Amino acid sequence: MHDPEMEDRSDMDDEYTEARIRTALESANLNVLRLALYQATGDPELAAMEVVRIPLRGGAFFGYLVADQHHEAIKEKALRFLLQRPDVHDVRIPADDELRAMMALLTGEELSDSEFRFGREELALEPFPRRAYWSGERPAAADDVRVVIVGAGASGIAAAIQFELLGIPYAIYERQSEIGGTWNLNRYPDARVDTSSFLYQFKFEKNYPWTEYFASQVEVKRYLEHVARKYGVHDKIRFDVEVTRAHFDEAGSRWRLELVRDGAVEQLTADVVVSAAGLFSTPKFPDIPGVDEYEGQLFHTTAWGIDYDATGRRIAVIGNGSTGVQLVPKLAQTADQLYAFQRTPQWISPMENYREQITPDIRWLFDHVPYYWNWFCYSSQVTSSGMQGAQVYDREWQKAGGRISERNDGMRAILTEYIRGKVGHDPDLLAKCLPDYAPLARRLVVDNGWYDALLQDNVELVTEPISRLTAKGIATADGEVREVDTIVFAAGFEVTKYMWPTEYVGRGGVRMEDLWEKDGPRAHLGLVVPGFPNLFIFYGPNSQPRAGAFLSWIEIWARYTAQAVADLLESGHRTMEVKEEVFEEYNARLDAAHSELIWATEGPVGKNYYVNAHGRQNVNVPFANHEYFEMVAAPDLDQFHVR
Ligand code: NAP
């Protein structure tokens, strides 16, 4: 489509005229701009400016803005600087002390040692801030090692890149026909990230030209494909191959794998296995009677046919998690009738810049202001990490009559107000929409137009429990049957099947599944398990960070894994297996840390995928981001039996 405005803007993109710069600066995040400028110029006036802490989501976390009186000065200083056409290579990367002081200027708060070390990597000033290295020359033993990575989603790609850089032979096996993992599997209408694109990216790939603040499924998949090709790992992916079994052969000290390709079983050996199978890869089918009787179209959101047309249809969507809430408003635009079946209300929250385009002005800033992208991403991480504070019980606050903490209760109040503002004119609907549990006890859901959709004439929110499916539709406990021609299960994923569909059998013939039967999946650091030498699990038990940039953690696990293999080979050994006592001690600390957090106790019982059948939170790390970072930043071979 011809868009004269876009045409004009793109002509201006490489200009450093005063008019162009002034226009772009109007869109700048001025605190971020201040830091980028300060790094480039060292102007003490920039350092001295006042920062104001703004409560967000009722004080659950905070934004950091530079005080109003400095705005014009920052823009004028930026204009003068940018008129000189600065080159990023002319701007030096500060030494650690200087950098730490600079990072503190963003918020006005000092950083602890570990916050600085984690934050330094998040700022990503070096080309490849997180990578594994040989301590000396690459050893000859590296030629004989074979690494198998199971899964070509973000985790598998990140792991492969580390092995590629070290020069360790590897192959990736992927059961789908295309790259992207969950971002290939989930193609339902309007699927997109619900954390900022600037948090959903690798730190080694600078300034990717995202078109939206919250990238669509198509764009995330394209990004992962771009990264895999650029860093040379795409050719090592074997698509349409399912790794069904991995058995550790003790005599040979290596893994024996069974693969299924084109229906035929193949055998393969590997020295090291990385399970990058993903948490959101195995669809969950709700156990509802009558599924076989239903005569209409029925599918899980992961099975979405891209050409499915909702126009004129009577559709039931079962589930209102992140997926259902993203999907329903889109289907409701054209469906004849849509029934949204909700078992439990969610805290569904508005999100700034959701569905917004990155404007040419913002792009100009990323492309032309040295290190603006770095400080922007870092600032996003700092703000979003603040959410961790609202997940913790404040016992004094509770003694004084509060529910959880000032931050969490503040969030509850503001989200309640939001829901009231949307549907409060209808008391019945409001009662159905208001959760009775604490926000953040389950994953917060982003409002993609959910409440507005519920108000449409063709949409009904059904909260009466489902009793069964009939030939024509869905019967609820009150005896009513709603006839539909399509039923969509937006019922989520089997999140405790961490390594599905591969069966892992370790030393002594122990199956991982049996080991985890007792009190649910556990690992050391979420990554390694005693009895399973040279096996690394990505997105394993209790490894999801409490807030912030998810792909950063994938990078951190990838560095840990590749560094562990490099250290092992340099030590002259071939296998490493985490010591039982290290695993036990870590898990004791993990359980203790969980007791201070709201997840296991505040969410609806039996209806919270964070919590497993044993009542234990099994998805998230209980430690603060910077604390977990210290544990997993580098492997310690002393924690392993090496042979
Ligand atoms: P989910 O959060 O587990 O939600 C599943 C939904 O299905 C819930 O509403 C659940 O009800 C309902 N359900 C399950 N079994 C049921 C049954 N037997 N009868 C009736 N209802 C049933 O799954 P999800 O929405 O797919 O999201 C999973 C995760 O994927 C998210 O938390 C997020 O981490 C990720 N995700 C991210 C994005 C994004 O970034 N944009 C988008 C989608 C998903 P109850 O609440 O009563 O259990």
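The values are calculated or read from the model by the stated rules, or taken from the named source; none is laboratory data. Here the structure is a predicted model, which means the values were calculated and not measured. Cβ: placed from backbone, ideal geometry, glycine included. Neighbour counts: every protein chain shown. Side chains are part of the model used for accessible areas, which takes the heavy atoms of the whole protein and leaves out ligands, DNA and RNA. Shrake-Rupley method; radii C 1.70, N 1.55, O 1.52, S 1.80 Å.
In the set Gly603, Gly520, only one residue is under 23 Å from the mean Cα position of the chain (by Cα) and open to solvent by less than 10 Å² (accessible area, probe 1.4 Å); that residue is Gly520.
Once the range 273-293 is narrowed to residues that are under 18 Å from the mean Cα position of the chain (by Cα) and away from the ligand (no atom under 11 Å from the Cβ), the residue that is surrounded by the most Cβ atoms within 10 Å (Cβ to Cβ) is Ala276. Among the residues examined, Arg314 qualifies as in the same structural domain as Pro465 (by TED's automatic domain parsing) and more than 9 Å from the ligand (Cβ to nearest atom). Filter the range 237-272 for residues that are among the charged types (D, E, K, R) and open to solvent by less than 50 Å² (accessible area, probe 1.4 Å) and give the result. Passing the criteria: Asp249, Asp271.
Every residue, every condition in (1) at pLDDT below 95; (2) β-branched (Val, Ile, Thr); (3) touching a Phe, Trp or Tyr at 6+ places or on another chain (Cβ under 6 Å), yes or no:
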position: Thr496; (1), (2), (3): yes, yes, no
position: Asp519; (1), (2), (3): yes, no, no
position: Val529; (1), (2), (3): no, yes, no
position: Phe532; (1), (2), (3): no, no, no
position: Phe538; (1), (2), (3): no, no, yes
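Counting residues that are touching a Leu at 6+ places or on another chain (Cβ under 8 Å) and away from the ligand (no atom under 16 Å from the Cβ), which helices (runs of 4 or more DSSP H) fully inside the range 87-198 reach at least 3? Helices (runs of 4 or more DSSP H) meeting the threshold: 96-107, 113-123.
Per-residue answers, yes or no, for (1) closer than 15 Å to Phe550 by Cα; (2) among the hydroxyl-bearing types (Ser, Thr, Tyr):
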{"site": "Arg130", "(1), (2)": "yes, no"}
{"site": "Val147", "(1), (2)": "no, no"}
{"site": "Pro169", "(1), (2)": "no, no"}
{"site": "Thr182", "(1), (2)": "yes, yes"}
{"site": "Asn207", "(1), (2)": "no, no"}
{"site": "Gln217", "(1), (2)": "no, no"}
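Any idea which residue in the range 89-113 is surrounded by the fewest Cβ atoms within 10 Å (Cβ to Cβ), counting only those that are more than 15 Å from Leu35 (Cβ to Cβ) and touching a residue at least 40 places away in the same chain (Cβ under 8 Å)? Ranking the qualifying residues of the range 89-113, first place goes to Asp90. Close Cβ contacts (under 8 Å, 6 or more residues apart or on different chains) running from residues in the range 432-446 that are closer than 18 Å to Asn618 by Cα and open to solvent by 10 Å² or more (accessible area, probe 1.4 Å) to residues that are at pLDDT below 95 and not aromatic (Phe, Trp, Tyr) comprise Arg442/Gly603; Arg442/Pro604; Arg442/Asn608.
Looking at (1) more than 21 Å from Val148 (Cβ to Cβ); (2) in a loop (DSSP other than H, G, I, E, B); (3) within 16 Å of the ligand (Cβ to nearest atom), which is the only condition Trp500 fails? All conditions are met except number (1). Identify, please: which residue in the range 355-396 is part of a helix (DSSP H, G or I), among the aliphatic types (A, V, I, L, M) and open to solvent by less than 10 Å² (accessible area, probe 1.4 Å) and is, among those, farthest from Glu15 (Cα to Cα)? Within the range 355-396, the match that is farthest from Glu15 (Cα to Cα) is Ala390. Look at Glu219 and say whether it is under 24 Å from Pro360 (Cβ atoms) and among the acidic types (Asp, Glu). In short, yes.
Residues that are more than 15 Å from the ligand (Cβ to nearest atom), open to solvent by less than 10 Å² (accessible area, probe 1.4 Å) and under 19 Å from Glu464 (Cα atoms) within the range 328-349 comprise just one, Leu338. When restricted to residues that are without any contact (Cβ under 8 Å) to a residue 60 or more places away in the chain and either away from the ligand (no atom under 16 Å from the Cβ) or farther than 22 Å from Ala471 by Cα (or both), the range 298-307 contains 2. If the condition is being more than 12 Å from the ligand (Cβ to nearest atom) and either surrounded by 16 or more Cβ atoms within 10 Å (Cβ to Cβ) or farther than 14 Å from Gln337 by Cβ (or both), then the range 481-495 contributes Arg482, Val484, Asp485, Thr486.
Scanning the range 398-431 for residues that are more than 23 Å from Pro55 (Cα to Cα) and touching a helix residue (DSSP H, G or I) at 6+ places or on another chain (Cβ under 8 Å), which turns out least open to solvent (accessible area, probe 1.4 Å)? Residue satisfying both the conditions and the ranking: Val423. Look through Tyr354, Tyr378, Tyr371 and report the one residue that is in contact (Cβ under 8 Å) with a residue 12 or more places away in the chain and at positive phi. Of the residues listed, the single one that is in contact (Cβ under 8 Å) with a residue 12 or more places away in the chain and at positive phi is Tyr371.
On inspection, Ser322 qualifies as open to solvent by 10 Å² or more (accessible area, probe 1.4 Å), within 16 Å of the ligand (Cβ to nearest atom) and among the polar types (S, T, N, Q). Residues of the range 37-83 that are open to solvent by 30 Å² or more (accessible area, probe 1.4 Å) and within 20 Å of Ser385 (Cβ to Cβ): Val51, Val52, Arg53, Ile54, Pro55, Leu56, Arg57, Gly58, Phe62, Tyr64, Leu65.
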